[in-house]
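Read the structure below first, then the notes.
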Amino acid sequence: MSLTNGKVISSEPLAPTEGKWIRLVKLTYNDHTNQTRTWESAERTTRAEGSGVDGVGILAILEKPTGPEILLQKQFRPPLNRITIELPAGLVDEGESVQEAAVRELKEETGFVGTVSEISPVMFNDPGMTNTNTAICSVQIDTTSPENQDPSPCLEEDEFIETFTTPLATLYAECKRLEAAGYAIDARVGTFAQGIELAKRMNL
């Protein structure tokens, strides 16, 4: 198996009755002048009852003798027809907290065991198109722990993910290198990398 085998082989409109994960809606609203307008939007159908969060992204930093490294993933994404560079991530299940979802997804997708140290504000991915959102969980991984010596992911049948690490100090340059090599950079990874670069330039 290889990520490079992934490719879209056809594309067609999705009937409303076929949507398992997403639905399209037409919103009618009043604008700032009290004029009635409409807006097209995509919504997830999977948000857990009573939860305001669709999913979690996992910001995991591994301390190494050469310096801190961020845990990233490569995954083929059909909407882009490309392999993307992403944070480990997943949906929040029914009855599950954001922290619990982050720890579970980290274990399932990477094999690492960690603890959540911080949760971001809820972030909206593309508010002009969709109400889908995510919370970014900073997760501490004890690389000296026996359970993290030989991490083995437990992926679902339709998942194929490659996990890797890269130094924080050169993350922005690595994003540019990966983009030039044909990978798509997830906005959360790119924004984080650009933030680090800006902090360095401004001596923050």
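Excluding ligands, DNA and RNA, what is the solvent-accessible area per residue of the chain at a probe of 1.4 Å, expressed in Å²? Accessible surface, normalised per residue, equals 64 Å². Here is the link list: Lys26/Lys107; Lys20/Lys74; Lys64/Lys107; Lys64/Lys200; Lys26/Lys176; Lys20/Lys107. Which ones come out longer than 27 Å on Cα distance? Violating the 27 Å limit, Cα to Cα: Lys26/Lys107; Lys26/Lys176. For Ile85, nonlocal amide neighbours, meaning residues 5 or more places apart or on other chains whose placed amide H falls under 5 Å from its own, are Ala184, Ile185, Asp186. Close amide-amide hydrogen proximity is noted between Thr166 and Ile70, Leu72, each under 5 Å apart and 5 or more residues distant or on a separate chain (H modeled in the peptide plane; Pro and chain starts excluded). Applying the Karplus relation 6.51 cos²θ - 1.76 cosθ + 1.60 with θ = phi - 60° to the range 112-129 yields 3J(HN,Hα) values of 7, 10, x, 10, 7, 9, 7, 10, 6, x, 5, 10, 9, 6, 8, x, x, 10 Hz, where x marks Gly and Pro. The calculated FRET efficiency for Ser138 paired with Arg201, based on their beta-carbon distance and R0 = 30 Å, is about 0.85. For the chain, the longest principal axis of the Cα atoms and the long axis of helix 171-180 meet at an angle of about 60 degrees. With each label modelled as a point 7 angstrom along the Cα→C-beta vector, the Arg104-Arg23 pair spans 2.3 nm. Compared with the dominant principal axis of the Cα atoms in the chain, helix 187-201 is inclined by about 60°.
Nearest 10 degrees is fine. How inclined is helix 98-110 to the longest principal axis of the chain, computing both from alpha carbons? Rounded to the nearest ten degrees, it is 60. For the chain, averaging the sequence separation of C-alpha pairs within contact (under 8 Å, six or more residues apart) and dividing by the residue count gives a relative contact order of 21 percent. Across the range 89-96, coupling constants 3J(HN,Hα) worked out from phi with the 6.51/-1.76/1.60 Karplus curve, θ = phi - 60°, read 6, x, 7, 7, 7, 4, x, 10 Hz, and Gly and Pro carry x.
Once both labels are positioned 7 Å from their Cα atoms along Cα-to-Cβ, the gap between Gln149 and Leu3 label points is 2.9 nm.
Atom-type composition of the exposed protein surface of the range 1-85 places 53 percent of the accessible area on carbon and sulfur (1.4 angstrom probe).
Label reach from Thr66 (point 7 Å along Cα→C-beta): in the range 131-169, amide nitrogens under 11 Å belong to 165-168. Per atom type, the range 137-202 shows carbon and sulfur on 51% of its accessible surface, probed at 1.4 Å. Express in % the proportion of alpha carbon pairs of the chain at distances exceeding 32 Å. Summing the P(r) of the chain above 32 Å gives 23 percent of all pairs.
The values are calculated or read from the model by the stated rules, or taken from the named source; none is laboratory data. Computed from a prediction, not measured in an experiment: that's the story for all the values here. Quick reminder, even Gly has a Cβ in these numbers, built from the backbone with ideal geometry, and neighbours come from all protein chains shown. For accessibility, only protein heavy atoms count, side chains too; no ligands or nucleic acids. Shrake-Rupley method; radii C 1.70, N 1.55, O 1.52, S 1.80 Å.
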